[in-house]
Amino acid sequence: MIAHKIIVLSGKGGVGKSSVAVNLAVWLSMQGKRTGLLDIDIHGPSVPKMLGLAGKFAVGTGDKILPLYYGANLKVMSIGFLLGDEKQAVIWRGPMKHNIIRQFVNDVEWGDLDYLIVDCPPGTGDEPLSAVQMLENADGAIVVTTPQDVAVADVRRCMEFCNQVNLKVLGVIENMSGFVCPHCGGRTDIFSNNGGRKVADEFGATFLGSVPIDAEMARLADEGKPLVEDDTGRESARSMESAFGALINKEMKSGTIKETKDMKRIAIPITDGKLSEHFGHCEHFAVFEVDEEKQAIVGKQEVEPPSHEPGVLPKWLGGMQVNLIIAGGMGQRAQELFKNHGIEVIVGAPVDIPDDVVRKHLDNNLQAGANICDH
């Protein structure tokens, strides 16, 4: 089941629509949401490159196509995963494009998702129309523009398209809104400004925010590293995250997007298939999604951690919305860092199969001993 479907549109190419779609999907996955990203730009798929997945191929199992993974929570599908060569041109008429989009929606093994983000090609042609038709009861669309009048004129046609197909406009994001100098921090408006806000006001839509031009954003995209994963405090990343937060909070309040019930997430460090005696020496993590009310495990995934450097794991597990870590031994400094990220820690747990540890915790039968790590 897919709980929420959001389509990302633009009136013209080159405004950063795919950047918004990719970063929105990654941002949602960083919040612990089970997210899918569907790239239906048949003639110019850029999502694989922007996620560092170029050259990868999708495979099938039975009558289903398996999406590729980016991180633990994001499933991705693109025509780029079906082409033998990145330079291969797709020369298809409308019916063939409609059929492949239908397959991407119906025949990909999406599983249960909190959000499916759909990156459409620019304009109001076959692909966006097919997406609206295939994605029944979509929550709505995000429309991406740049500030100058020529882009805004195309956005008006995009907004009219949404009106004609009864697709709610969830909001407008203005990309390339000024340039912030990386050296002095000064801002220069290269294009005429406020075009996105003006067109949003004209159509009674929500203006979600503006994102400045950032040379680093282009470099990261070329390297397959989404901007929202950057932790250096860049204004462009903060602006994008603010726009996404405004979207989700606004639509939840209005009732358009109803958030799925929060589940608790428990992380278990693992070594040789069992709970790791020393937290810092674990090989990977088992992350369980549990329903405490029903005292049941409702989901589990095993993930490879980043390097065990100070401050890295708390941020990483916090981004996955982990609420609790159950470990054998953990140093006091590490416990403090997790606490600062809102993550509870239980130490002194027995070396056991992770599933059994979680079940004992849910049944209030987990016997925790002394913390064997004193540094």
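The values are calculated or read from the model by the stated rules, or taken from the named source; none is laboratory data. Here the structure is a predicted model, which is why all the values come from computation and not from measurement. Note that we place each Cβ from the backbone using ideal geometry, even for glycine, and neighbour counts take in every protein chain shown.
Between residues in the range 154-170 that are assigned by TED's automatic domain parsing to the domain that holds PHE203 and residues that are of a type in the set (Lys, Arg) and not in a helix (DSSP H, G or I), which pairs lie under 6 Å by C-beta distance while being six or more apart or on different chains?
ASP154/LYS12
Hey, can you tell me all the residues within the range 231-270 that are modelled with pLDDT under 85, surrounded by fewer than 20 Cβ atoms within 10 Å (Cβ to Cβ) and closer than 18 Å to SER210 by Cα?
Of everything in the range 231-270, those that are modelled with pLDDT under 85, surrounded by fewer than 20 Cβ atoms within 10 Å (Cβ to Cβ) and closer than 18 Å to SER210 by Cα turn out to be GLY233, ARG234, GLU235, ARG238, ALA246, ASN249, LYS250.
Which members of the range 322-375 meet the condition of being touching a strand residue (DSSP E or B) at 6+ places or on another chain (Cβ under 6 Å) and polar (S, T, N, Q)?
Those that are touching a strand residue (DSSP E or B) at 6+ places or on another chain (Cβ under 6 Å) and polar (S, T, N, Q): ASN323, GLN335, ASN371.
Does the range 341-360 include one or more residues that are modelled with pLDDT of 80 or more, under 25 Å from ASN73 (Cα atoms) and touching a His at 6+ places or on another chain (Cβ under 6 Å)?
Scanning the range 341-360, I find no residue that is modelled with pLDDT of 80 or more, under 25 Å from ASN73 (Cα atoms) and touching a His at 6+ places or on another chain (Cβ under 6 Å), so the answer is no.
Look through the range 108-134, keep the residues that are more than 21 Å from ASN73 (Cα to Cα) and not in a helix (DSSP H, G or I), and return whichever of them is modelled with the lowest pLDDT.
THR124
Starting from residues that are buried (at least 18 other Cβ atoms within 10 Å of the Cβ) and free of Cβ contacts under 8 Å to residues at least 60 places away in the same chain, keep the ones in the range 211-229 and report whichever is farthest from CYS162 (Cα to Cα).
LEU220
Please go through the range 120-175 and pick out each residue that is over 22 Å from GLY209 (Cβ atoms) and among the acidic types (Asp, Glu).
ASP126, GLU127, GLU136, GLU160
Anything in the range 265-311 that is among the small types (Gly, Ala, Ser) and part of a loop (DSSP other than H, G, I, E, B)? List them, or say none.
Hits for the range 265-311 are GLY273, SER276, SER307, GLY311.
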